[in-house]
Amino acid sequence: MRDIYEQIGDKIRELRTTLRGKGISQEELAQALKTTANTVSRWETATYKPSIADLEALARFFGIPISVFFPEAGPKSRTKALITATADLDEHDLEEVTLYALFRKARAKSKS
């Protein structure tokens, strides 16, 4: 079984490389978090262990709950899928997704 820091590193890499549909570099993430690209690289490879403060800063940057970094304690898979799919959307796009979900829910209810 992979250790928690390997899982966290994989999640950081996943979030970084998919941000806004194209990803950002380790340097860009490091600059946003006021750290170094070397540190980001070492988090991603589990060479360094990010602190809770680091994870909180990462969560704020990516617009996700900190629990996403902890698979066992994280949201249920359905919620996690939604968080991952919508993490880099702007407010307008997020509102559209919400309205579409409400439409689908109402349509399913009207069929039953």
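Any read-out appearing in this document is the output of simple, stated calculations on the displayed coordinates, not a laboratory observation. From a predicted model like this one, the values you see are computed outputs, not experimental measurements. When we count neighbours, we look across all protein chains shown, and the Cβ atoms used for this are built from the backbone with ideal geometry, even at glycine.
Annotations
- Backbone HN-Hα couplings from phi across the range 26-36 [Karplus 6.51/-1.76/1.60, Hz, Gly and Pro as x]: 4, 5, 5, 5, 4, 4, 5, 9, 6, 9, 10
- Placed amide H near residue 88: partners under 5 Å, 5+ positions off or other chain: 20
- Only Lys, Arg (+1) and Asp, Glu (-1) charged, at Cβ; the chain dipole about Cα centre in debye: 620
- Remark: the range 40-56, residue by residue, has Karplus-estimated 3J(HN,Hα) of 4, 4, 6, 5, 5, 9, 6, 6, 9, 9, x, 6, 4, 4, 5, 5, 5 Hz, where x stands for each Gly or Pro and the curve is 6.51 cos²θ - 1.76 cosθ + 1.60 at θ = phi - 60°.
- Principal semi-axes of the equivalent ellipsoid, √(5λ) from the alpha carbon gyration tensor of the chain, are 31, 17, 10 Å from largest down.
- Rel. contact order, % - alpha carbon contacts under 8 angstrom, at least six apart, the chain: 23
- From helices alone, the chain scores -20500 deg cm²/dmol at 222 nm; the rule is -39500 (n - 2.57) for each run of n ≥ 4 DSSP H residues, then divide by the residue total.
- Theoretical FRET efficiency, 1/(1+(r/R0)^6), r = Cβ-Cβ of residue 2 and residue 105, R0 35 Å, to 0.05: 0.45
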